[in-house]
């Protein structure tokens, strides 16, 4: 029953999407849903209760005026252009962390491409257990479960691949041109708008699941950022000057992610690497890499075929940087 | 209070261990525990209730005749020769899988060297989610949490390191000389006596915890093995012909593991690699490697510095084998 209501909602939203903000007649809707005109009215009422504003005009039909602020799985899946990423969506209003839930689902055998998304994270976190500020209804707090058959040493490649997918989706959806700071920051005008956290469920010699978490600052106002972050963080809205549809951006990310991931599985890391390098700041420049083992100064030569950063130090040696915070010096 | 009872038990067991199966006078025990002769009697009664057989003879004192069949954390920790591995022991009579509990504890911040051990696993598993038969009070079903600061690509080395530690401990404790089949099987007379499962909690570029699971067939009789396993599995008791003390073997494993791990952190993989190669069967021989991607035939050349198996195929190419079942051809 729930599944059937969900399908009705999905078809209804798709009918509105196709109408491109024009009126859709009650007759048309009753045909699309295969139900009576009275039933159409009931379904519209259900939508309204969920926060959709629907205008009804005699002889014209129905028109979708405004969608609710909260995300919804059905909304994301309506007109989604993917074959497996996002075909299962686990949505919750508020969660401690989407990564945590994705880990559980992966452990219970969730299928590849399963997405966990929430309107709010109360314990959102980034790399190295750092806090990720995730206020309600402003950003995209999302985790994606992938199950590539790759050696462990190649998993950092998926962080870079995801960064490319997100940059492409932001460009397509907003026109903004972000850049990437190795390994996982997406910057706009030098400020951080996106973080990516790639975690694993793995044996020492084989990957079970890769859980890719994304935190994307979309519609935050300046006042939504804590004082400590204002200098270093930004949102797409602050940069573009307009509200951005989170649903449209999610759909674009899932699409680009799937395209790149398919390319990666078929053709390897090289095409992804070329794209990544085209978006990267800091290549060819002097940087400071702060690793857990100490700080290294040098010139960022590029990334190798495993996605590891290569740093040329003053004495000409080339250091492989697996994990670090980097800063332009 | 529980902690204090635990300390009393630990000191009491150590006093018996030092006496080497001779009588320990009530006077001596009351000095060791810092309590009255009457209290000594009460502590001995507590031991008896836990399944220890303690003989009491007038004017001679107390003698430990038999320990309970079940393992106990205190027993394992008494006379343990390590500085951090096994200093925290999480024991349960029966669990679904010690790996599962170790993962939980690691996620909650358990300290490095924490051990999870059970007398029975109801859902014990090996590599690639295969079942590991773990009947009660017969084997060592144990998981160890390590937190090395190493790149992901090096984690297979820890499987090999653990195999060496277990082989050394079996040699010391039983005189049996096992061999190692890459990557994680320990064989005695060609039959499998030990399996090792190394799992990770990791980001794409840094390891949080390595959870090393060990399944060791110790005191199984022939009849304890399911029909399907009899041809391919064995126990230390079946090979040595005598009962083996699981506690003594655990202590030896923890000691050898810590020694090797310290060497590894200080000097890298090379010394471990040399030891591993000295125990390995199949090096230099024609083998069949069944990987998830297909079956490869070739000569096992050895392992490289990452712990990856190198296989020379008929056309002279050298394949890196990250994950496979291997068979001598």
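The values are calculated or read from the model by the stated rules, or taken from the named source; none is laboratory data. Just so it is clear, the model here is predicted, and its values are computed rather than measured. All Cβ positions, even for glycine, are placed from backbone atoms using ideal geometry, and neighbour counts span all protein chains on display.
Yes/no matrix, rows are residues, columns are (1) closer than 27 Å to residue A:218 by Cβ; (2) modelled with pLDDT of 90 or more; (3) outside the structural domain of residue A:120 (by TED's automatic domain parsing):
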| residue | (1), (2), (3) |
| --- | --- |
| A:44 | no, yes, yes |
| A:49 | yes, no, yes |
| A:53 | yes, no, yes |
| A:59 | no, no, yes |
| A:80 | yes, yes, no |
| A:85 | yes, yes, no |
Checking residue A:302 against (1) in contact with a helix residue (DSSP H, G or I) (Cβ under 8 Å, 6 or more places away or on another chain); (2) modelled with pLDDT of 95 or more, only one condition comes out false. Which one? (2)
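Residue check: is residue A:64 touching a helix residue (DSSP H, G or I) at 6+ places or on another chain (Cβ under 9 Å) and either in a strand (DSSP E or B) or farther than 30 Å from residue A:210 by Cβ (or both)?
The answer is yes for residue A:64.
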In region A:240-291, the residues that are in a strand (DSSP E or B) and over 19 Å from residue A:169 (Cβ atoms): A:286, A:287, A:288, A:289, A:290, A:291
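Regarding residue A:249, is this residue more than 17 Å from residue A:177 (Cα to Cα), in contact with a helix residue (DSSP H, G or I) (Cβ under 8 Å, 6 or more places away or on another chain) and modelled with pLDDT of 95 or more?
Taking the combined requirement at face value, the residue does not satisfy it.
For residue A:30, state whether it is over 22 Å from residue A:255 (Cβ atoms), modelled with pLDDT of 90 or more and in a helix (DSSP H, G or I).
So residue A:30 fits the description; yes.
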Looking only at region A:200-225, count every residue that is within 11 Å of another protein chain (Cβ to nearest Cβ) and at pLDDT 95 or above and tell me the total. 4
Residue, nearest to residue A:204 (Cα to Cα), within region B:305-329, restricted to residues that are away from every other protein chain (no Cβ under 12 Å) and part of a loop (DSSP other than H, G, I, E, B): B:305
Quickly run through region B:51-67 and pick out the residues that are surrounded by 14 or more Cβ atoms within 10 Å (Cβ to Cβ) and under 20 Å from residue B:138 (Cα atoms). B:52, B:67
With respect to residue A:100, is the statement that it is surrounded by fewer than 21 Cβ atoms within 10 Å (Cβ to Cβ) and within 11 Å of another protein chain (Cβ to nearest Cβ) true? yes
What residue, among those in region B:186-199 that are without any contact (Cβ under 8 Å) to a residue 60 or more places away in the chain and within 14 Å of chain A (Cβ to nearest Cβ), is farthest from the chain's Cα centre (by Cα)? B:198
Go through region B:15-41 and report how many residues are more than 24 Å from residue B:219 (Cβ to Cβ) and surrounded by 13 or more Cβ atoms within 10 Å (Cβ to Cβ). 15
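Tell me, yes or no, whether region B:193-204 has at least one residue that is touching a strand residue (DSSP E or B) at 6+ places or on another chain (Cβ under 8 Å), over 29 Å from residue B:83 (Cα atoms) and assigned to a loop (DSSP other than H, G, I, E, B).
Within region B:193-204, one or more residues are touching a strand residue (DSSP E or B) at 6+ places or on another chain (Cβ under 8 Å), over 29 Å from residue B:83 (Cα atoms) and assigned to a loop (DSSP other than H, G, I, E, B).
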Could you grab me the full set of residues in region B:104-146 that are more than 17 Å from the chain's Cα centre (by Cα) and under 30 Å from residue A:129 (Cβ atoms)? B:104, B:105, B:106, B:107, B:108, B:109, B:110, B:111, B:123, B:128, B:129
In region A:134-185, the residues that are within 14 Å of chain B (Cβ to nearest Cβ), in a helix (DSSP H, G or I) and crowded, with 22+ Cβ neighbours inside 10 Å: A:152, A:156, A:157, A:158, A:159, A:160, A:161, A:162, A:163
Identify the residue in region B:277-304 that is within 14 Å of another protein chain (Cβ to nearest Cβ) and in contact with a strand residue (DSSP E or B) (Cβ under 9 Å, 6 or more places away or on another chain) and, among all such residues, is surrounded by the fewest Cβ atoms within 10 Å (Cβ to Cβ). B:292
Of the residues in region A:1-27, those that are farther than 20 Å from residue A:77 by Cβ and not in a helix (DSSP H, G or I) come to A:21, A:22, A:23, A:25
Determine whether region B:243-255 contains at least one residue that is more than 14 Å from the chain's Cα centre (by Cα) and assigned by TED's automatic domain parsing to the domain that holds residue B:129. yes
Which members of region A:234-255 meet the condition of being free of Cβ contacts under 8 Å to residues at least 60 places away in the same chain and more than 20 Å from residue A:67 (Cβ to Cβ)? A:234, A:238, A:241
Could you list, ordered by first residue, the pairs with Cβ atoms under 7 Å in which the first is in region B:7-20 and within 14 Å of residue B:80 (Cβ to Cβ) and the second is not in a helix (DSSP H, G or I), at least 6 apart or interchain? B:10/B:78; B:13/B:78; B:14/B:78; B:14/B:79; B:17/B:78; B:17/B:79
Does at least one position in region A:85-101 carry a residue that is part of a loop (DSSP other than H, G, I, E, B) and more than 22 Å from residue A:195 (Cβ to Cβ)? yes
